[in-house]
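*Asks:* Below you'll find the structure I mean.
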Amino acid sequence: MPDSDVWVHEASATAEGGHLRTDDGELSTALASPLAPDCKGLTPEQLLAAAFASCLHHAAVEAATDITDESHTVEVRAMARLARDDSGRYHADVRASISSVGLTRAQLTDLVESADHLWPFSSDGGGRHTLTVVPADSRDR
């Protein structure tokens, strides 16, 4: 993992009381609740699909600049599913596809491989990400 002083991008968000917001205010939306099935809001699988599509799109546009001058035509579609195992733990399955106007099959294959290689949640199983979950300090609230 890179040292904290070399991170290129950073963002934070808070989910509480049935609402999600990024700390910069760019995203604010209602969340579905497992305690109130009839409430309206985004579900975890919708948020996963959107986040993966967004991240992979960023990587694909970057990768496309080496292949075509039409990188603005890159489209990423993502589908996320959640399931529970016998112990009650969630498992996620995310699948994504990348397309771009005017590329040959070989160019599109190169684009997909390059984008998958760039982003930290690559399909090779050796993702370059960490997840740390800790109790919040009382002063954080």
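The values are calculated or read from the model by the stated rules, or taken from the named source; none is laboratory data. None of these values were measured; they are calculated from a predicted model. A quick note on method: Cβ atoms are made from the backbone with ideal geometry, for glycine too, and the neighbour counts reach across all protein chains shown. Accessible surface is based on the protein model in full, side chains and every heavy atom, while ligands, DNA and RNA are left aside. Shrake-Rupley method; radii C 1.70, N 1.55, O 1.52, S 1.80 Å.
*Asks:* Non-local amide H neighbours of Ser33 (under 5 Å, H modeled in plane, Pro and chain starts lacking H): which ones?
*Replies:* The list, which skips near neighbours in sequence, is Cys39.
*Asks:* Then there is this: Residue by residue through the stretch 83-95, what is 3J(HN,Hα) from phi via Karplus (6.51 cos²θ - 1.76 cosθ + 1.60, θ = phi - 60°)? Round to whole Hz and write x for glycine and proline.
*Replies:* Once rounded to whole Hz, the list reads 9, 10, 8, 4, 8, x, 7, 6, 10, 10, 10, 10, 10.
*Asks:* Taking the Cα atoms only, what angle lies between the long axis of helix 44-64 and the longest principal axis of the chain, rounded to 10 degrees?
*Replies:* 30 degrees
*Asks:* Net charge within 15 Å of Ala96 by Cβ-Cβ distance, Lys/Arg positive one each and Asp/Glu negative one each, not counting Ala96 itself?
*Replies:* The answer is -3.
*Asks:* To the nearest 500 deg cm²/dmol, what mean residue ellipticity at 222 nm is calculated for the chain from DSSP H runs of n ≥ 4 alone, each contributing -39,500 (n - 2.57), summed and divided by the residues?
*Replies:* The helix contribution divided over the chain gives -8500 deg cm²/dmol.
*Asks:* May I pose another question? I'd like the antiparallel share, as a percent to the nearest 5, of DSSP beta bridges with both residues in the chain.
*Replies:* 95 percent
*Asks:* For the stretch 7-16, what does the Karplus curve 6.51 cos²θ - 1.76 cosθ + 1.60, with θ = phi - 60°, yield as ³J(HN,Hα) per residue in whole Hz, taken in order and with x for Gly and Pro?
*Replies:* Rounded to whole hertz, the list is 5, 7, 10, 8, 8, 9, 9, 10, 10, 6.
*Asks:* Ok, one more. Going 7 Å from the Cα of Asp110 in the Cα-to-Cβ direction, what parts of the stretch 75-103 have a backbone nitrogen less than 18 Å from that spot?
*Replies:* Label zone hits: 75, 98-103.
*Asks:* Let me ask another. For the chain, with all protein chains present and a 1.4 Å probe, just round the carbon and sulfur fraction of the accessible area to a whole percent.
*Replies:* 52 percent
*Asks:* Charges at C-beta only: +1 for Lys and Arg, -1 for Asp and Glu. How large is the resulting dipole of the chain about its Cα centre, in Debye rounded to 20?
*Replies:* Computed about the Cα centre, the dipole is about 600 debye.
*Asks:* Length gain on complete extension for the stretch Glu70 to Arg84, per 0.36 nm per residue less the alpha carbon to alpha carbon distance?
*Replies:* Between Glu70 and Arg84, full extension yields an extra 0.9 nm.
*Asks:* When only C-alpha pairs under 8 Å and at least 6 residues apart count, what is the relative contact order of the chain, in percent?
*Replies:* 16 percent
*Asks:* Taking the dipole about the Cα centre of the stretch 40-141, with the C-beta of Lys and Arg at +1 and of Asp and Glu at -1, give me whichever of Ala63, Gln107, Ser87 is farthest to the positive side.
*Replies:* It is Ser87.
*Asks:* Given R₀ = 25 Å, what would the calculated FRET efficiency be for Leu42 paired with Ser99, taking r from the Cβ atoms and rounding to 0.05?
*Replies:* 0.50
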